[in-house]
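Quick notes on the structure that follows.
Computed from the coordinates by the stated procedures, all read-outs in this text should not be read as laboratory data. Keep in mind it's a predicted model, so treat the numbers as computed, not measured. Here the Cβ positions follow ideal geometry from the backbone for every residue, glycine too, while neighbour counts run over all protein chains shown.
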Amino acid sequence: MNEDVLNMSLRKFLKKVGVTSQREIEQAIRAALDDGRIKDGKPLKAEVRLVMAEIGLDATIDGAIELE
C-alpha cells in the first residue's frame, strides 16, 4: 500500500463528502424554514453513516447543526 496515494485519495473523498453534504444540508434547512417545519434557534440533530462494505467499516457520526 502506498501511504501517499491513500492519503491523497482519502482527502479527495472527504472534500467531496464535505462540499456535497454542506450544500444538501443548507438546501434542506432553507426549505424546512420556508415551509415552517423548523424554526430558527433550535439545534438540529445530525447523523452520518460511513460504510465501506469491503473492509467491514460501518461507523455512525453524530452531531448537531446550530442555526443561530
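Brief remarks on what is shown
- Any chance residue 45 is without any contact (Cβ under 8 Å) to a residue 60 or more places away in the chain, assigned to a strand (DSSP E or B) and over 11 Å from the mean Cα position of the chain (by Cα): yes
- Among the residues making up the stretch 19-62, those that are small (Gly, Ala, Ser) and at negative phi are 21, 28, 31, 32, 46, 53, 59.
- The sole residue among 55, 61, 65, 29 that is touching a residue at least 24 places away in the same chain (Cβ under 8 Å) and out of contact with any helix residue (DSSP H, G or I) (no Cβ under 7 Å at 6 or more places or on another chain) is 29.
- Per-region count, the stretch 26-65, residues within 22 Å of residue 16 (Cα to Cα), acidic (Asp, Glu) and surrounded by fewer than 11 Cβ atoms within 10 Å (Cβ to Cβ): 4
- Look at (1) of a type outside the set (A, V, I, L, M); (2) touching a strand residue (DSSP E or B) at 6+ places or on another chain (Cβ under 9 Å); (3) not in a helix (DSSP H, G or I) and you find that residue 39 fails only one, number (2).
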